[in-house]
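Q: Pasting a structure here, questions to come.
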Amino acid sequence: MKIGRIIFAVIILAVIVIVGIAATSSVLIIAEDESEGGIPGVDMGATWNLTGEFNWIYPGSSFNAQHQTLHNIHLDDPDNPYGAAKEIMEYTYNISPNIIITVNNNAAEKIFGGDIISDIRQYDWGDGMDRGDAADKAMGDFHMNYLAIPECLLTGDMKIHFV
């Protein structure tokens with residue numbers, strides 16, 4: 001019985017720490033496209049914190065002092081791609097995320113109920129919108145299925161990285 005209380009206290013403490021980190025720093029959410037073959041590319045990103053809203057960023061325009069882009073973090077720094085992502089966010093946007101959430105194509109489809117990546121590309125490439133406007137427009141086309149998030153976490157299609 002005493003061990004159960006200790007485990008419960010540790011879980012509560014961990015949740016408080018995670019919420020505290022999320023409340024005091026930006027969270028970087030990135031969409032990793034694994035369909036390009038081999039090494040995934042980061043096709044879209046957004047920052048978010050508890051006091052604000054989503055701010056869309058285009059990974060090809062986000063870079064560090066060595067001009068490595070957020071789009072190529074897995075190619076440029078395969079040993080520490082999320083550390084590189086944090087460095088890129090600090091260099092380009094003066095934002096220091098402590099949490100990076102990655103979503104692959106499967107998670108995007110489950111959470112948004114459709115092929116949001118194709119829609120973003122259509123609005124971007126086909127309709128001539130910039131990537132941020134294309135993401136906003138595509139996000140408006142779908143409604144988030146919050147119940148899919150736990151499933152995506154369990155299947156590994158969505159991951160949380162602490163950096």
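Q: Where the second residue is among the charged types (D, E, K, R) and the first is outside any helix (DSSP H, G or I) and lies in segment 120-137, which pairs have Cβ atoms under 9 Å and are six or more apart or on separate chains?
A: From residues that are outside any helix (DSSP H, G or I), the pairs are ASP127/LYS137; MET129/ASP136; MET129/LYS137; ASP130/ASP124.
Q: Among the residues of segment 76-92 satisfying the criterion of being open to solvent by 70 Å² or more (accessible area, probe 1.4 Å) and not hydroxyl-bearing (Ser, Thr, Tyr), which is nearest to TRP48 (Cα to Cα)?
A: Here is the first cut: in segment 76-92, the ones open to solvent by 70 Å² or more (accessible area, probe 1.4 Å) are 78-80, 87, 90-91.
Going one step further and asking which of them are not hydroxyl-bearing (Ser, Thr, Tyr), we end up with 78-80, 87, 90.
Working: PRO78: 25, ASP79: 25, ASN80: 22, GLU87: 17, GLU90: 14 Å.
That would be GLU90.
Q: Looking at ILE95, ILE73, which is the one that is in a loop (DSSP other than H, G, I, E, B) and either open to solvent by less than 50 Å² (accessible area, probe 1.4 Å) or among the small types (Gly, Ala, Ser) (or both)? Outline the logic, then answer.
A: Values: ILE73 fails: in a loop (DSSP other than H, G, I, E, B).
Answer to the check: ILE95.
Q: Within segment 46-70, restricting attention to residues that are assigned to a loop (DSSP other than H, G, I, E, B), in contact with a helix residue (DSSP H, G or I) (Cβ under 7 Å, 6 or more places away or on another chain) and open to solvent by 50 Å² or more (accessible area, probe 1.4 Å), which residue is farthest from ALA108 (Cα to Cα)?
A: Quick first cut of segment 46-70, residues assigned to a loop (DSSP other than H, G, I, E, B) only: 49-54, 58, 62, 64-68.
Keeping just the survivors that are in contact with a helix residue (DSSP H, G or I) (Cβ under 7 Å, 6 or more places away or on another chain) gives 50, 58, 62, 64-65, 68.
Imposing the further condition that a residue be open to solvent by 50 Å² or more (accessible area, probe 1.4 Å) reduces the set to 50, 58, 65, 68.
Working: LEU50: 22, TYR58: 17, ALA65: 31, GLN68: 25 Å.
Across segment 46-70, the extreme among qualifying residues is ALA65.
Q: Still on this structure: Select from segment 138-159 the residues that are open to solvent by 40 Å² or more (accessible area, probe 1.4 Å), in a helix (DSSP H, G or I) and modelled with pLDDT under 85 and list them in ascending order.
A: Listed by number, the residues that qualify are MET139, GLY140, ASP141.
The values are calculated or read from the model by the stated rules, or taken from the named source; none is laboratory data. Model, not experiment: these values are computed from the prediction. Please note: Cβ atoms are built from the backbone with ideal geometry, for glycine as well, and neighbour counts cover all protein chains shown. Ligands, DNA and RNA are excluded from the accessible area calculation, which covers all protein heavy atoms including side chains. Shrake-Rupley method; radii C 1.70, N 1.55, O 1.52, S 1.80 Å.
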